[in-house]
Amino acid sequence: MLKWWPFKSSPDTQAKNEYQAEQAAFRAQESALMQELAAQTAQGVSRQAILKAWQAQMAALESSPEQSAQTKGKLRAYDLVAGDLRAELGRNLNAGRALEMAGQVDEAIKYYETAVSDQMATRFPYEHLRLIYRQRNQLPDALRICQAALQNPFLTPQDHAHFQTWAQRYSHQLSQTP
């Protein structure tokens, strides 16, 4: 067949078609993930739980023997959106830490409370809120934070034991208060 024949599929055309298919899959998956994030957060699902579910879905796609343009596009979308979500979770935590260190504790509390509602997979915001509330003699809030930590499935058993001990102490102190 002649080189100029327009109906022949060349490697460049095939690669271009595959790239276009991957781009289309990427855009569709990115849009779907953003809608899923909005819907699930509106339903009260923590952003950490959403992130963990996405990581499991990414692992399943990565281990799939079929690595089509669709799969590659979906993986790129998961990587981008999950990366943005991970970064946002970290920004909240870092902003709270920086504000607390700067002495702006009331502002730091807002970021730490957001990290708690996100069910961060670290004990840091829980511990700092617990200490802040205890120092301010706001024992009901300190107890609430300990109970939130106990409900967080992403914390370690050691963290749960730590917050269980403090929850018991605060409960006892509150029951003794007239």
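The values are calculated or read from the model by the stated rules, or taken from the named source; none is laboratory data. Computed from a predicted model, the values in this text were never measured in an experiment. Because the Cβ atoms are built from the backbone with ideal geometry, glycine has one as well, and the counts that use them run over all protein chains shown.
Brief remarks follow.
- Residue 137 falls short of the stated requirement of being without any contact (Cβ under 8 Å) to a residue 60 or more places away in the chain and under 24 Å from the mean Cα position of the chain (by Cα).
- Criterion: over 30 Å from residue 28 (Cα atoms) and of a type outside the set (Lys, Arg) - qualifying residue of 119, 173: 173
- Checking the stated criteria, residue 45 turns out not to satisfy the condition of being part of a helix (DSSP H, G or I) and β-branched (Val, Ile, Thr).
- The single residue among 98, 167, 149, 142 that is aliphatic (A, V, I, L, M) and over 24 Å from residue 44 (Cβ atoms) turns out to be 98.
- Considered as a group, the residues in segment 52-90 that are over 19 Å from residue 31 (Cα atoms) and among the acidic types (Asp, Glu) include one that is modelled with the highest pLDDT, and that residue is 62.
- Exactly one residue out of 143, 129, 155, 93 is at pLDDT below 95 and either over 22 Å from residue 54 (Cα atoms) or among the hydrophobic types (A, V, I, L, M, F, W, C) (or both), and it is 93.
To keep it simple, each residue is scored yes or no on (1) touching a Leu at 6+ places or on another chain (Cβ under 9 Å); (2) touching a residue at least 12 places away in the same chain (Cβ under 8 Å).
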residue	(1), (2)
66	no, no
75	yes, yes
82	yes, yes
104	no, no
117	no, yes
129	no, yes
147	no, yes
161	no, no
168	no, no
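- So residue 18, is it in contact (Cβ under 8 Å) with a residue 40 or more places away in the chain and either within 15 Å of the chain's Cα centre (by Cα) or surrounded by 15 or more Cβ atoms within 10 Å (Cβ to Cβ) (or both): no
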